[in-house]
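Shown next, in structure tokens, is the structure this report addresses.
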Amino acid sequence: MEIYLTIEELAAMLKLSEQTIRRYVLNKTVPYRKIKKAVRFRLSEIEKWIDGGCSDNVEDLLGGEKTNESDGGSFPETSDFENIDGGNKEIL
């Protein structure tokens, strides 16, 4: 079974701010999945991303897979980020 992390969990694991993680998602720098309106991170993909030097080219790092579309999700539009933290846009 695959382990998924929230923004808060990933931020704590990497010792980064939640805002930094949100910026990585917005810039498509980190591999993530959209499950309905929730942003989640597969632990195995995050480990590959880190082992690859946190590459900006996420698709190449993960073997060409478009990680954000394979589960029926897609790269979020800016308006999607209204729902990451209950509609509070100021924390982005």
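Here, each number is a calculation from the coordinates, and none is a lab measurement. All figures in this text were calculated on a predicted structure; none of them were measured in a lab. Cβ coordinates were reconstructed from backbone atoms using ideal geometry, including for glycine residues, and neighbour counts include every protein chain displayed.
Which value in Å is the Kirkwood Rh of the stretch 1-50 over different Cα pairs?
On the way: mean 1/r = 0.0925 Å⁻¹.
By the Kirkwood definition, the hydrodynamic radius is 10.8 Å.
Would you order Leu10, Leu43 from fewest to most other beta-carbon atoms within 10 Å of each residue's own beta-carbon?
On the way: Leu10 23, Leu43 14.
Ascending Cβ contact count within 10 Å gives the list Leu43, Leu10.
Whole-Hz ³J(HN,Hα) for each residue in the stretch 10-20, computed from phi via Karplus 6.51 cos²θ - 1.76 cosθ + 1.60 with θ = phi - 60°, x for glycine and proline: what do you get?
Couplings: 5, 4, 5, 4, 8, 6, 10, 6, 4, 4, 5 Hz.
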